[in-house]
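Engineer: Sharing a structure with you now.
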Amino acid sequence: MRYWFAVGAAGAKGPSTAEQLLSRIENQRVRERVANVAVHPSQFPERVRRDLLASLRARRIDHKFHYETLKQAQKWIALHNAYSPSRTDADCAAAYSAAFKTLADEAGTCPMQVVSLCCGDGRKDARLLRALLKKQSRLAYLPCDASLPMVLTASAAAQRILPADSCTPLVCDVQHAPDLRATLDQLCPAPRWRRLVTLFGTFHNYEPGLIAARLKGMLSPGDSLLLSVNLAPEGDYSRSVRSILPQYDNAMTYDWLCTVLLDMGVSARDGRVFAVVENSPSNKTLKRISLYFRFSKGCSVRIGARKFSFRAKETIRLFFSYRYTPEFLDGLLRRHALDVTHQWISRSGQEGLFLCRPTAFEKP
C-alpha cells in the first residue's frame, strides 16, 4: 500500500509531526495482517478446472462455482441478508441463540476446535464463538469453504473475537475431500482438542447420502456436529415446499446464479432462469427446489481449448435446495450413525438446528 501525504497551510487539520505520521503508518500495518490460508487438493487449480468441465458436460453446475469470485460472494451475501430466515425472522435468529447457549453450557472447559464447513461470511460463527467464550478460555477456529473470499471474510470476522493465531482458514471442497478428517487432525493444535463441526445453511445443497456420510467421517467419539437445515413447515409437505418457492424465484437469486454463465460469455439475452419443485432422484418422498437456465437460442462457451455448445430450449441446472422434514432428517442421520441430541426449530417451520453426536454403539 502506498501512503500519500499533502502538505497543507499552517493551521490545517491533520498530522503535524513525523512521530504522528509514523504512528499512523504503524497502526495501519498492525491492522493489515498477512493471511495464512491452507488449500486442500480438492481446490487445486487443475481439480477445479476438471470440476468445471464436468459441470458443463453434465449440464449441472457444481454449487461451488457460485461463490468463487468476490463479485459472486458479495451477491450471495446481499441475497442471504434479504431472504434467509436467519436474517429476516427474529424467531429463527433466537433459535440460533438458544442452540449456541446450549453448546456453551455443555462444552465444559476442554479446549475446543470449531470447524465451520461452508462458512460463508462467518456471521453465525462469530455469534457462536462469542457464546463459547463465555465458558471457554481456549478456542481454535477453522473456517472452511471452497471460496477464498468467503474464507477470508469469515476469518476476519472471527479475528475481532479471537487472536489471529487461533484462526486457520482452509479452502476446501467438502464433497471432494474424503480425507478431510485427516486434514483437520493435521491442522488442529496438539494434543487433540474436542471438535465441534458446524454446517450452516448448506446441508440441503448436497445430495443427502453424500453429505451425511462425509459429516460422519469427520467425527470422532466426543465430537459434536451442529447443522442448520432448510425445512418444510408441517402440514401438506408438497404445498409447504411450493409456498417457499418465492425465496428462490426472484430477481436477486437469478442475478447471483447467472453470474457464473455470464462470466463464461453467455449473454442474459441467450435464455432465462426458472424455478421448479421436483422430486429427489434418490427418494421420491423428498422434494427440492431447483433452478435452471433455459437457452432461447444456440450458444457456446469455451474453457481453454474445450468448447461446449448448447441448443435452443436446452437447460442447464444452476442450483438445488432440498426441503427436509425433521423426521426424514433424523432417519437419514441415524442411517449414518449420527444421533440427534437436541433440536431447535423456528416457529415458521422453515429452518431448524440439530445437534448431533456419533452413535455410541454402531452396528458392525
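Just so it is clear, none of the values below were taken in a lab; they were calculated from the coordinates. The shown structure was predicted, so the numbers you read here are calculated from the model rather than taken from an experiment. Please note: Cβ atoms are built from the backbone with ideal geometry, for glycine as well, and neighbour counts cover all protein chains shown.
Engineer: Can you give the convex hull volume of the alpha carbon atoms of region 237-322 per residue, in Å³? Numbers along the way, then the final one.
Structural biologist: Details: hull volume 8.8 nm³, N = 86.
In region 237-322, the Cα hull volume divided by residue count equals 102 Å³.
Engineer: Starting from the Kirkwood Rh over alpha-carbon pairs, what translational D in µm² s⁻¹ does the chain have by Stokes-Einstein at 25 °C and 0.890 mPa s?
Structural biologist: On the way: Rh = 22.4 Å.
The diffusion coefficient I find is 110 µm²/s.
Engineer: Could you work out [θ]222 nm for the chain from helices alone, using -39500 (n - 2.57) per DSSP H run of at least four and dividing by all its residues? Round to the nearest 500 deg cm²/dmol.
Structural biologist: On the way: 12 runs with 135 residues, N = 364.
Value at 222 nm, helices only, nearest 500: -11500 deg cm²/dmol.
Engineer: Please report the antiparallel percentage of the DSSP beta bridges confined to the chain, to the nearest 5.
Structural biologist: Details: 35 of 58 bridges.
Antiparallel bridges: around 60 percent, rounded to the nearest 5.
Engineer: Inverting the mean 1/r over all pairs of different Cα atoms, compute the Kirkwood radius of region 89-241 and quote it in Å.
Structural biologist: Computed over region 89-241, the radius equals 16.1 Å.
Engineer: First select every other residue whose beta carbon is under 13 angstrom from the beta carbon of Leu245; then total the charges, Lys and Arg +1, Asp and Glu -1. Could you put the intermediate results ahead of the total?
Structural biologist: Details: positive: Arg239, Arg242, Lys287, Arg288, Arg323; negative: Asp249, Glu278.
Net of charged neighbours comes to +3.
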